[in-house]
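Heads up: the structure comes next, in structure tokens.
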Amino acid sequence: MSTWLAARLPRVARCLPEAAIDSCFRLDVATAQAGLALDHLDCILAGTPLDGLPGMPVNAVRPRQLSYLAGRLCAERALAACGLRLDGGVGRGDGGEALWPEGFSGSISHTGNRAFAVVAARQGRYDIGIDAEHIVDDRTRRDIQRLCMCEDEAGLVAACPDPNVAATALFAAKEAYYKAVYRVVRRFVDFGEALVSAIDVDAGRIDIGPAPDAAAAHALPGTRVRLTVRDGMVLAALAPGYSAAPQP
């Protein structure tokens, strides 16, 4: 972990491996990945105040602080696996995005009791994007359909063997897509600006690209999102324009 955090949270520096969990995002490029269980991390912290963490939103409540810290610790562990140790940790941009060291690309995701990070050598314009989501129930699937899908996308989801898993995968794919393109468009892309054109959960893939009327269509790539379904979750990951490359 970073020098700053190790000095502030020495018990975490010693015991962090106890909170580690598997991170199984699928990508076609070499990556370093890390995952942490938030309840285990909280036990290690033993009530240590987290106010004043770099980049922490002002007045954040304890669960938000814990989630933020876990994501940043995952990022540091993934970067350390690439041979890079940071004095000040992974920064936070004006839009809340992670600021990765020169030459690296990465993404962070939180869901429920878990946090994950994936890091790779940077290639081209876009970042890696990941998202983890617990599989939704019927009611939440209908909410996702109303808020996040066009008619064609709703038809794709309805045609899948398990529409709840498919809806979760579509939502996770769009979230991961937005993270991947943020560095280029410098804003959060609306759900309607990205269009899913194919879903195959069994094969672990979703095809996604710009909607025809997307305001930033010129800057949005067509790409494939890789899916993993495990432990009641969908893990989505993409690396637009990246090709297989050695680990940094």
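The values are calculated or read from the model by the stated rules, or taken from the named source; none is laboratory data. Since the model is a prediction, treat every value here as computed from it, not as a measurement. Here the Cβ is made from the backbone with ideal geometry for all residues, glycine too, and neighbour counts use every protein chain on show.
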- Pair list, Cβ < 7 Å and 6+ apart or interchain, from segment 24-40 residues that are over 11 Å from Ala239 (Cβ atoms) to residues that are outside any loop (DSSP other than H, G, I, E, B) and of a type in the set (D, E, K, R): Cys24/Arg230; Ala34/Arg77; Gly35/Arg114; Ala37/Arg114; Leu38/Arg114; His40/Glu18
- Query: Within the set of pairs 6+ apart or on separate chains, which have a first residue in segment 84-95 that is of a type in the set (Asp, Glu), a second that is surrounded by 14 or more Cβ atoms within 10 Å (Cβ to Cβ) and part of a loop (DSSP other than H, G, I, E, B), and C-beta atoms under 8 Å apart?
  - Reply: Asp87/Ser2
- Message: For Arg77, only one of the following conditions fails: (1) crowded, with 19+ Cβ neighbours inside 10 Å; (2) at pLDDT 95 or above. What is its number?
- Response: (2)
- Message: Suppose the filter is part of a helix (DSSP H, G or I), over 16 Å from the mean Cα position of the chain (by Cα) and among the aliphatic types (A, V, I, L, M); does Ala80 pass it?
- Response: yes
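Which ones in segment 193-214 are over 22 Å from Phe116 (Cα atoms) and surrounded by 15 or more Cβ atoms within 10 Å (Cβ to Cβ)?
Matches in segment 193-214: Glu193, Ala194, Leu195, Val196, Ile199, Asp207, Ile208, Gly209, Pro210, Ala211, Ala214.
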- Note on the structure: Out of (1) within 20 Å of Ala169 (Cα to Cα); (2) polar (S, T, N, Q); (3) over 13 Å from the mean Cα position of the chain (by Cα); (4) outside the structural domain of Phe171 (by TED's automatic domain parsing), the one Gln145 does not meet is (4)
- Task: Report, by residue number, each residue of segment 30-76 that is part of a loop (DSSP other than H, G, I, E, B) and within 16 Å of the chain's Cα centre (by Cα).
- Result: Thr31
- Query: Of these, Ser197, Ser107, which one is outside the structural domain of Leu27 (by TED's automatic domain parsing), in a strand (DSSP E or B) and in contact (Cβ under 8 Å) with a residue 60 or more places away in the chain?
  - Reply: Ser107
- Query: Mind checking which residues of segment 206-239 are more than 22 Å from Gly192 (Cβ to Cβ) and either without any contact (Cβ under 8 Å) to a residue 60 or more places away in the chain or of a type in the set (A, V, I, L, M) (or both)?
  - Reply: Val229, Asp231, Met233, Leu235, Ala237, Ala239
- Item | Residue satisfying condition, being on the phi > 0 side of the Ramachandran plot, small (Gly, Ala, Ser) and at pLDDT below 95, within set Gly89, Gly71, Gly95 | Gly89
- Message: Whether any residue in segment 54-65 is surrounded by 17 or more Cβ atoms within 10 Å (Cβ to Cβ) and either touching a Pro at 6+ places or on another chain (Cβ under 6 Å) or more than 17 Å from Glu18 (Cβ to Cβ) (or both) is what I want to check.
- Response: yes
- Query: From the residues in segment 219-248 that are of a type outside the set (Asp, Glu) and at positive phi, which one is modelled with the highest pLDDT?
  - Reply: Gly232
- Task: Might you check whether a residue that is in a loop (DSSP other than H, G, I, E, B), within 20 Å of the chain's Cα centre (by Cα) and surrounded by fewer than 15 Cβ atoms within 10 Å (Cβ to Cβ) occurs anywhere in segment 178-187?
- Result: yes
- Check whether at least one residue in segment 137-148 is farther than 19 Å from Met233 by Cα, aliphatic (A, V, I, L, M) and part of a loop (DSSP other than H, G, I, E, B), and report yes or no. no
- Query: Are there any pairs with C-beta distances below 7 angstrom linking a residue in segment 147-174 that is at negative phi and acidic (Asp, Glu) to a residue that is surrounded by 24 or more Cβ atoms within 10 Å (Cβ to Cβ) and assigned to a helix (DSSP H, G or I), with the two at least 6 apart or on different chains, and if so which?
  - Reply: Glu153/Leu170
- Query: Which one of the conditions (1) in a loop (DSSP other than H, G, I, E, B); (2) modelled with pLDDT of 95 or more does Ala166 fail to meet, given that it meets all the rest?
  - Reply: (1)
